[in-house]
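Report on one structure; see the data block that follows.
The values are calculated or read from the model by the stated rules, or taken from the named source; none is laboratory data. Bear in mind that the values here come from a model prediction, so they are computed numbers and not experimental data. Neighbour counts run over all protein chains shown; Cβ positions are idealised from the backbone, glycine included. For accessibility, only protein heavy atoms count, side chains too; no ligands or nucleic acids. Shrake-Rupley method; radii C 1.70, N 1.55, O 1.52, S 1.80 Å.
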Amino acid sequence: MRLAKYLALTGLCSRRAATRYIRDGLIMIEGRQANHIDTVTLIESPDGLICKELLLFDGMAVEGIEPKQYRMLNKCVGTDCRLLPDDSDSLLHLLPASPRLYPVGRLDKDSRGLLLLTNDGELTQHLMHPDFGHTKTYRVRVDRPYGDEFLQKMAQGVSYRDVTTLPCTMTRLSEDQFEIVLTQGLNRQIRRMSQALGFKVIDLKRVKIQTLMLEDLNEGEMRELTVEEIDKLKQETRI
């Protein structure tokens, strides 16, 4: 099996990140720096599939392929999605020690709602890569009433800094709330789009990723995805 694919299957990272780690010299195989054409040999063990070769990531041994896990968290405002052990607000402190789960994309610290957690690197890669155009739905409140012009400009794409956002779907919910469906995942995108048009976001909640819906999961709670939810996500991402 190709090394980058194996690293993704262990849950260490996505395949895209694995390629980057190999490029940056962070992966060692059998005592030497790994390269992109390296492969590994899989063997059965009591803990599942492992590779015969000794693999290190940044000096730490890479574990074997864990059974795939898929969970949903209703993230609270104040939780930081970066996995930083020294940060008391880090998402890391809400995750189990095993299996090792990673967020599929991030919600900034001031935002809340649906966060998908998994050790399936291939699914993570497909959901996060901009070329696949997968949808994420948010409900947003701004600091004052807006008009039709705001909706139209947001839907067409907004320029700020050195980017212009892709067209998106906008739905009015009330005089100061709207629903927005994005296929991009730029840093603080909705906040910066709104700010560029003279509005400040005061509440931002992600409610849907593709067909996966937050629904009535309480804030701060986590649950496993159903078989049907997992199957739908994999069908949509063509895995």
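Do we have THR137 as more than 26 Å from THR19 (Cβ to Cβ), of a type in the set (Ser, Thr, Tyr) and more than 19 Å from the chain's Cα centre (by Cα) here? Please lay out each step first, then the result.
On the way: more than 26 Å from THR19 (Cβ to Cβ): yes; of a type in the set (Ser, Thr, Tyr): yes; more than 19 Å from the chain's Cα centre (by Cα): no.
The answer is no for THR137.
So the check is Cβ under 6 Å with 6+ separation or different chains; which pairs have a first residue in the stretch 7-33 that's at pLDDT 95 or above and a second one that's assigned to a helix (DSSP H, G or I)?
ILE27/TYR21
What single numbered condition from (1) farther than 30 Å from THR10 by Cα; (2) open to solvent by 70 Å² or more (accessible area, probe 1.4 Å); (3) out of contact with any helix residue (DSSP H, G or I) (no Cβ under 8 Å at 6 or more places or on another chain); (4) not charged (D, E, K, R) fails to hold for ILE190?
Every condition holds for ILE190 apart from (2).
Which condition number does VAL77 fail, the rest of (1) more than 16 Å from the chain's Cα centre (by Cα); (2) in contact (Cβ under 8 Å) with a residue 24 or more places away in the chain; (3) surrounded by fewer than 15 Cβ atoms within 10 Å (Cβ to Cβ) being met?
Here VAL77 clears every test but (3).
Of the residues that make up the stretch 132-149, is at least one loosely packed, with under 13 Cβ neighbours inside 10 Å and within 23 Å of CYS13 (Cβ to Cβ)?
Checking the stretch 132-149: at least one residue is loosely packed, with under 13 Cβ neighbours inside 10 Å and within 23 Å of CYS13 (Cβ to Cβ).
Can you tell me which residues in the stretch 1-16 are small (Gly, Ala, Ser) and open to solvent by less than 10 Å² (accessible area, probe 1.4 Å)?
From the stretch 1-16, those small (Gly, Ala, Ser) are 4, 8, 11, 14; that's our starting set.
Scanning the stretch 1-16 gives ALA8, GLY11.
Among residues belonging to the stretch 200-233 that are of a type in the set (Asp, Glu) and open to solvent by 80 Å² or more (accessible area, probe 1.4 Å), point out the one that is nearest to MET154 (Cα to Cα).
Going through the stretch 200-233, the residues of a type in the set (Asp, Glu) turn out to be 203, 215-216, 219, 221, 224, 228-229, 231.
Next, from what is left, pick out any that are open to solvent by 80 Å² or more (accessible area, probe 1.4 Å): 215-216, 219, 221, 224, 228.
On the way: GLU215: 25, ASP216: 28, GLU219: 28, GLU221: 32, GLU224: 34, GLU228: 33 Å.
The qualifying residue nearest to MET154 (Cα to Cα) is GLU215.
Say we look at the stretch 195-232 and pick out the residues that are part of a loop (DSSP other than H, G, I, E, B), within 19 Å of SER111 (Cα to Cα) and of a type in the set (A, V, I, L, M); which of these is nearest to the chain's Cα centre (by Cα)?
Checking each candidate, the answer is LEU214.
Considering every residue within the stretch 116-124, establish whether at least one is more than 30 Å from ALA17 (Cα to Cα), open to solvent by 30 Å² or more (accessible area, probe 1.4 Å) and either modelled with pLDDT of 95 or more or not β-branched (Val, Ile, Thr) (or both). Break it down stepwise before answering.
Residues of the stretch 116-124 that are more than 30 Å from ALA17 (Cα to Cα), as a first pass: none.
Looking for residues that are more than 30 Å from ALA17 (Cα to Cα), open to solvent by 30 Å² or more (accessible area, probe 1.4 Å) and either modelled with pLDDT of 95 or more or not β-branched (Val, Ile, Thr) (or both), one finds none in the stretch 116-124, hence no.
Please specify each residue of the stretch 92-115 satisfying the condition of being open to solvent by less than 40 Å² (accessible area, probe 1.4 Å), modelled with pLDDT under 95, over 22 Å from ILE50 (Cβ atoms) and among the aliphatic types (A, V, I, L, M).
Those that are open to solvent by less than 40 Å² (accessible area, probe 1.4 Å), modelled with pLDDT under 95, over 22 Å from ILE50 (Cβ atoms) and among the aliphatic types (A, V, I, L, M): LEU95, VAL104, LEU107.
Can you tell me which residues in the stretch 1-28 are part of a loop (DSSP other than H, G, I, E, B) and not β-branched (Val, Ile, Thr)?
Within the stretch 1-28, the subset part of a loop (DSSP other than H, G, I, E, B) is 1, 10-14, 24-26.
Within the stretch 1-28, MET1, GLY11, LEU12, CYS13, SER14, ASP24, GLY25, LEU26 meet the criteria.
If you check SER174 against the conditions, is it outside any strand (DSSP E or B), open to solvent by less than 40 Å² (accessible area, probe 1.4 Å) and over 27 Å from LEU233 (Cβ atoms)?
When the stated conditions are applied, SER174 passes them.
Name the residues in the stretch 41-50 that are under 14 Å from ALA8 (Cα atoms) and out of contact with any Leu (no Cβ under 6 Å at 6 or more places or on another chain), would you?
Listed by number, the list holds a single entry, ILE50.
Given the conditions (1) closer than 27 Å to VAL227 by Cβ; (2) modelled with pLDDT of 95 or more, which single one is not true for LEU42?
(2)
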